[in-house]
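Working notes, beginning with the structure itself.
The values are calculated or read from the model by the stated rules, or taken from the named source; none is laboratory data. Note that this is a predicted model, so its numbers are computed, not measured. Note: ideal-geometry Cβ built from the backbone for every residue, glycine included; neighbour counts use all protein chains shown. Surface areas here come from the heavy atoms of the whole protein model, side chains and all, with no ligands, DNA or RNA. Shrake-Rupley method; radii C 1.70, N 1.55, O 1.52, S 1.80 Å.
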Amino acid sequence: MQRDLWGNTNTRRVVYHVFHDESLPNKRWFLIGLLFVRRDHLEEVRKALQHWRQKENYWGEIHFSDLPKKFGGKYGAKARVARHWMRSFESGLADIARFTVLAVDRHSHAYNRKRFSKDYHAYNRFTAMALKAGIAWFLVPENWDEVKIFFVSDAKDRLSRPDEGWEDNFDQYLPYRATLDAFLSQGEGKPYPTVNLRLKLLDSAREDLLQFCDLLLGATQIALVAGSTRPTKKELGKMVVRWCEDLRRTRREQKLNLFRKYDLWAFPDESGAPYSSVPLKLKADDTQIPLFKM
């Protein structure tokens, strides 16, 4: 906590909204994407996204898996909006809408399947891990004492919900784990804010920021596994490849200014630790369309 001139403590508080999505591209990888937006930036981000909807006159849901093959023509409007959103992220929107992806490698020898009796137990635990890492990477440098988080997850698409019985304890587990992780980090003497989390399930069709999260995660998935031949998806995936390649340079050599704004990391490596040099199957090439070319 900071102190004023008279020695009184000033508690620094902030409210963040964290938008959540999950992806299961193959038997090896499980991806968790989190979009961090401070409450006082929510409307600014929404207006930026709405601007491109208005430009293309497209008001349907932006879902990465449903993107058409081409950007051109009437039926390419959805893909054009998605490309505008990705370009906006790269050109400055990431300053106030930061995105992190945890790629869980289930083929790693250090991945302990026996630890989780149900698949959704693993999904929930790794979501909490991704949240803790996102707070440490994005928010700890801002020196907040207390962070209130509204955690927003897609009600209809969240993979960690079981198909039958609706037995998932996600809405109880995640707030508990976020509070516990903060307590444990502080107990170890690490700089980390107190966290109060509330979870909300929302239909993504009603929230552009959930759709934006889905888009960023889908493009990251393509960069990771190269799992689509659609030119639209490959182009957006190649943008992510460029981001990752730029972030692997020294800070002085980086051109895109995405440090602590976009982050892709994986877990576990062969020794059971997280790592940042995630192997990407998709390769950026010289045929990529320049940033602002239509």
**OP:** Specify the angular offset, from 0 to 90 degrees and rounded to the nearest 10, of the alpha carbon long axis of helix 170-187 from the longest principal axis of the alpha carbons in the chain.
**Re:** 60
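So how strong a dipole does the chain carry about its Cα centre when Lys and Arg Cβ are +1 and Asp and Glu Cβ are -1, to the nearest 20 debye? Before the final figure, lay out the partial values.
Working: 50 positive and 38 negative charges, 161 e Å.
Once rounded to the nearest 20, the dipole reads 780 debye.
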Subject >> For the chain, share of DSSP beta bridges that run antiparallel, in % to the nearest 5 >> reply: 45
Subject >> Label point distance in nm, A205-E44, each placed 7 Å from Cα along Cα→Cβ >> reply: 3.2
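Using a 1.4 Å probe and counting only protein heavy atoms, arrange M129, M86 so the residue with the most accessible area comes first.
Values: M129 45, M86 0 Å².
Result of the area sort, largest leading: M129, M86.
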**OP:** Only Cα pairs under 8 Å and at least 6 apart count here; give the relative contact order of the chain as a rounded whole percent.
**Re:** 25
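Treating only the Cβ atoms of Lys and Arg (+1) and Asp and Glu (-1) as charged, compute the dipole magnitude of region 177-294 about its Cα centre; round to the nearest 20 debye.
On the way: 20 positive and 15 negative charges, 65 e Å.
That gives region 177-294 a dipole magnitude of about 320 debye.
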Subject >> Area accessible to solvent at Y275, 1.4 Å probe radius, in Å² >> reply: 50
Original post:
Build a GNM of the chain with springs between Cα atoms under 10 Å: which of D203, D154, D214 gets the top mean-square fluctuation?
Top reply: D203
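Round to the nearest 0.05 the FRET efficiency obtained for R13 and D269 when R0 = 30 Å and r is the Cβ-Cβ distance.
Values: r = 36 Å, r/R0 = 1.21.
That gives a FRET efficiency of 0.25.
About the Cα centre of region 1-130, what is the dipole size in debye to 20, counting +1 per Lys and Arg Cβ and -1 per Asp and Glu Cβ, all else neutral? Let's see the in-between values first.
On the way: 25 positive and 13 negative charges, 82 e Å.
Here the size comes out at about 400 debye.
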**OP:** Mind grabbing the accessible area of R251 for me, 1.4 Å probe, Å², rounded to tens?
**Re:** 150
Original post:
Ordering H20, H51 by how much accessible area each has at a 1.4 Å probe, largest first, what is the list?
Top reply: H51, H20
Original post:
Mind checking which of G272, G227, G134 has the largest fluctuation in a GNM of the chain, springs on alpha carbons under 10 Å?
Top reply: G272
Original post:
Distance from the Cα centre of region 50-124 to that of region 203-250, in angstrom?
Top reply: 5
